[in-house]
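Heads up, the thing below is written out as structure tokens.
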Protein chains: 10
Amino acid sequence: MLFHVRMDVRLPHDLDPQVKADLVAREKAYSQQLQRAGKWPQLWRIAGEYANFSVFDVDSTEELHELLSALPLFPYLDVEVTPLVRHPSKVD
Amino acid sequence: MLFHVRMDVRLPHDLDPQVKADLVAREKAYSQQLQRAGKWPQLWRIAGEYANFSVFDVDSTEELHELLSALPLFPYLDVEVTPLVRHPSKVD
Amino acid sequence: MLFHVRMDVRLPHDLDPQVKADLVAREKAYSQQLQRAGKWPQLWRIAGEYANFSVFDVDSTEELHELLSALPLFPYLDVEVTPLVRHPSKVD
Amino acid sequence: MLFHVRMDVRLPHDLDPQVKADLVAREKAYSQQLQRAGKWPQLWRIAGEYANFSVFDVDSTEELHELLSALPLFPYLDVEVTPLVRHPSKVD
Amino acid sequence: MLFHVRMDVRLPHDLDPQVKADLVAREKAYSQQLQRAGKWPQLWRIAGEYANFSVFDVDSTEELHELLSALPLFPYLDVEVTPLVRHPSKVD
Amino acid sequence: MLFHVRMDVRLPHDLDPQVKADLVAREKAYSQQLQRAGKWPQLWRIAGEYANFSVFDVDSTEELHELLSALPLFPYLDVEVTPLVRHPSKVD
Amino acid sequence: MLFHVRMDVRLPHDLDPQVKADLVAREKAYSQQLQRAGKWPQLWRIAGEYANFSVFDVDSTEELHELLSALPLFPYLDVEVTPLVRHPSKVD
Amino acid sequence: MLFHVRMDVRLPHDLDPQVKADLVAREKAYSQQLQRAGKWPQLWRIAGEYANFSVFDVDSTEELHELLSALPLFPYLDVEVTPLVRHPSKVD
Amino acid sequence: MLFHVRMDVRLPHDLDPQVKADLVAREKAYSQQLQRAGKWPQLWRIAGEYANFSVFDVDSTEELHELLSALPLFPYLDVEVTPLVRHPSKVD
Amino acid sequence: MLFHVRMDVRLPHDLDPQVKADLVAREKAYSQQLQRAGKWPQLWRIAGEYANFSVFDVDSTEELHELLSALPLFPYLDVEVTPLVRHPSKVD
């Protein structure tokens, strides 16, 4: 089941650089772990912004929330979730 | 080169049913033609709305505009285009 | 799996009264059918507005879209869908 | 009498972790106390966000305000209240 | 129990003048009836706009909805309801 | 002459508690002084929010601005002023 | 007493040209009458838009509403009123 | 002197096709006339939308308004004007 | 050439009082200097807000930007500029 | 390939002056380097605001993102990107 997610990253300017670097590194590792598990099939950077469009493939809204709220950057994210379905014109 | 597009369909309520059916049919045929050509790799229906999220793969903004403005439903669409790039955390 | 839905009804003022009455009747029958089937556990009228807050209980986003897009009033609705999960403080 | 409430939690990033933990714990206890008292019949987490949709069952707007403004997290909440009534299509 | 209501009147330009005059007359009569019954204690015209701020004094959200949805102009209104309580600084 | 005013209070979270208590006390005293003087005939708390709807009765916009900008909480307020007039349907 | 007013003119496209010409002529005559009476001291066209910024000098909000609601174009206007006072830095 | 202008074209769906074609043709001719006169140095189509970004080079706001309000499509445009100046980092 | 300008002042709450007093004094002196030079013909305080509507009379957008960006409060301002022209109904 | 970009600069008020001066200097140098390379053909300051409209000429969205995200001021920018194409009425 697919969910479209927009994430805008709002890191405070005065965040300790080391804390920031660690956060970003853990975010990348976590994201890649989910991608390899097939949970996060689509991930694009929005050109010109510290934001991304993603598509999550999960079994329930619970799983979606678990995955999103476990993001190391979660406290610094504006998140917008939109449920998706197969489009009637979609060609495989 | 990838572009994220949101399309909201705003068909007038008093549109002749036959005209509408023809429009929707031509839209589907055109969309599937572009999908087969690899120009329209992602297309999802937004659950609960007459709207979709899409990703177009084109060689230029010109091509993007040609493809979008040739949509039979184009005069009835609100379109929002966002340029995408590969995310630094993306796993192939 | 739960989805919160806000529906605002935007019926054209010049809609034929008989057509309108029929639409509203079919909407009621359809809604009550879904409620009895356990798909639409929560439905409230927003005081002072021709709008409602609902909660749908479905097995997938596909099912949610099917149920919503089959609403007789669907062409006249502004729909906003928000996925829900159990709150960590929820008491049964 | 029912009121729909959306609460978005905006905790400052630099809030002392112990203060935060205490706040969140007191919020949970208080919320569960109200739920057991039947005042807070519906409470859902919005998937992907530090926010919830709730329904309060109170005898007056005074009581609603007392309950909401006594929330330990109240100073850090954006709150949106919408009065509800029984929907004419509601099936018991 | 008090509710603050903003009403913006959106009459179609091509509404038959006689229909409009009748609507407005019925609206005035109905409004004055509620005012005399003590249900509509505050009613002001917003200077420069076809809109009003009102305060309704009702026993429940049900009663509020009944009174508002029975307004002859209801189909042509944008309505915004905000529940009120006594202010801690209020002097009688 | 009447003006409708919405005030949203935005106190910084890290404001010294004693400073805050003093501000709020002075605000209450000042508000009650204006109410007794007949300048502030209507004051309601918006249920669930640190905000109020008020109606000021003043002789000029100058007087309105003097009264509002002298509010101890003024630097921490978002203020929205709307001029009112007697509604043609108003019953005394 | 001064009020800043923004007026956006929204004439329906299918308005009979003769009706439109008459409306616009009556609007001009009425506006110039008020200007000569000193009630409408400032009137500017917003470059590139069918809209204006104005300043009205009136004795009360009642007078302001009378003048604005008597504008021939009033039914086709979006109006935004902002009360003004003398600025502390104003030089005569 | 430069002005940035965004124009969104909102043609009614039921506009007579011949009227529309004539409007669009006259708009093109007029636009090219201004471009050749050096008044309209920048003109881009926004990809995917019936809208453009333009830059006008005029001697006064009066001239800007004359040029814009004389656009054949003017009655069907949403126009947003932003005054520009040379950027301190601009390289010739 | 006239430009309408709205300025909202957003001074940080924790700004050193002496720094603030100095800023405000310099702002007043600078503003009065421009007013006497005829560059700033209209300046009103918006009742109830730390904001103003102004009209600047300048020879170019360059001059407008120089005057605005030299405001001592400029770093703390939200500024909205709208170009004006003489209204066709304006009476001298 | 052209992209229209709006950049709003949001520098924190308490940023160390030396850090700020250095940032702004590096931003200027970097911007001029890209302009000389033909990547940043259009750059205007928005009159009255710490913001600019730009046009970038790049070979891909990747290149656009690289150029924008390398801006020294990037962490302090709100960026809005709009893809452009040649307008059908454009005269060379």
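Rule-based calculations on the coordinates, nothing more; no lab input. This one's a predicted model, so the numbers in the text were calculated from it and none came from an experiment. Cβ sites come from the backbone with ideal geometry, for glycine too, and all protein chains shown count toward neighbours.
In table form, for the structure just shown:
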| quantity | calculated |
| --- | --- |
| The range B:61-77 versus the range D:15-58: alpha-carbon centroid distance in Å | 47 Å |
| Given charges at beta-carbon only (K, R positive; D, E negative), |dipole| of the protein assembly as shown in Debye | 0 debye |
| G from J by rotation - nearest chain J beta carbon to the axis, in Å | J:47, 7 |
| Selection from D:69, D:12, D:33 lying farthest towards where the dipole of chain D points positive, charges on Cβ | D:33 |
| Cα-centred dipole magnitude for the range H:2-84, charges only on beta-carbon of K, R (+1) and D, E (-1), debye, nearest 20 | 320 debye |
| Alpha carbon convex hull of the range B:2-84, volume per residue in cubic angstrom | 87 Å³ |
| The range E:2-84, relative contact order [Cα under 8 Å, separation at least 6], % | 53 percent |
| Stokes-Einstein translational diffusion, the protein assembly as shown - Kirkwood Rh over all Cα pairs, 1.567 mPa s, 4 °C, in µm²/s | 42 µm²/s |
| For residue H:59, net neighbour charge (Lys/Arg +1, Asp/Glu -1) across residues whose Cβ lies under 12 Å away | -4 |
| Cβ-based net charge around residue I:22, under 14 Å, with every Lys or Arg adding one and every Asp or Glu removing one | +1 |
| Calculated FRET value between residue H:90 and residue B:86, using beta carbons and R₀ = 41 Å, to 0.05 | 0.85 |
| Mean residue ellipticity (222 nm) of the protein assembly as shown, computed from DSSP H runs ≥ 4 via -39,500 (n - 2.57), nearest 500 | -10000 deg cm²/dmol |
| Using alpha carbons only: equivalent-ellipsoid semi-axes of the range D:26-65, gyration tensor based, whole Å | 19, 12, 9 |
